[in-house]
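Here's the structure we're looking at; comments come further down.
Readers should treat all values here as calculations from the given coordinates under stated rules, not as data from a laboratory. Given the structure is predicted, the values throughout are model-derived calculations rather than measurements. A quick note on method: Cβ atoms are made from the backbone with ideal geometry, for glycine too, and the neighbour counts reach across all protein chains shown.
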Amino acid sequence: MKKFLISSLIIVFSIYFLVEFIGDRLIKNILQENISSTLNRDVSIEKLNINYLSGEARAKDVSLLNKKFDGYLLKIDSIAVDLDAFSIFSNDIIINSVLLENIKVNYYFNFSEQIISDNVRSLKKDLENKNSYSQSNKYFNIKNLDAKNISLSAFSLNLNIQKTIKLNDMNFNNIGNTSKSRNYKDILKDVFVDTTEVIKEKILNENFLERIDNFDPNQLEDKVEDKLKNKLKKLF
């Protein structure tokens, strides 16, 4: 009897170790790979802890890296998730709530070779690309998502612009990739379109146009003509 109890305890602790430690690491790697393939950008998750009994999960330091610019486009300090624990092992994952806190968005842009390039438009194109897909066959639905304490920083080295502003908290309901959900890619595209409008209104304003007027064309490989500057003014 004593041997049976000892054996049972060993099995229980072994299963607990596998689920809590190896399981978290495995799921973290799967999440990183799937989100990276979907967004066509490297995604890193520093730490992930999942309570498989309660269905609560917490992630720390989640970053979405840029493709053509250094650093990250998006960084989230913490993510708290409350989901249906039993749905983790099914094809349809039901997520009751998601809380994103302390979100930092970096908008990088350059004015070079008579072209303005940034790190947001390419992501928008990737989200619109029908060929991008997730490596997982899982479906998910998030009933409620809150994003709080959001800051947006705009950087341009060659125009010497650096400015940070606060954005309003965001709330979304019923998003995911099921037939009954609001498509999460469409939501992301709308968010980036709205963010671009905020950038134009609050950051790329008269001060930006003044910098364009005073910008030394010798810093560019091709000189910027007055006609191009007038077109830029109409765009903004």
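Counted by Cβ distance under 12 Å from PHE140, the other residues give a net charge of +1, where Lys and Arg count +1 and Asp and Glu count -1. Once the chain from ASN102 to LYS202 is taken as fully extended at 0.36 nm per residue, the excess over their C-alpha distance is 33.9 nm.
Were the residues from GLU33 through ILE116 laid out at 0.36 nm apart, the gain over their Cα-Cα distance would be 26.8 nm.
Sum up the charges of everything whose Cβ sits under 13 Å from the Cβ of ASN177, counting Lys and Arg as +1 and Asp and Glu as -1, but leave ASN177 out. That works out to +2. The loop-placed trypsin sites (Lys or Arg not before Pro) in the stretch 19-102, going by DSSP, that have at most 14 neighbouring Cβ atoms within 10 Å of their Cβ come out as LYS67, LYS68. Excluding ASP42 itself, what net charge comes from residues whose Cβ is under 11 Å from its Cβ, given Lys and Arg +1 and Asp and Glu -1? Around ASP42, the charge tally is +1.
Among the listed pairs LYS28/LYS148; LYS47/LYS185; LYS47/LYS200, those with a Cα-Cα distance over 26 Å are LYS47/LYS200.
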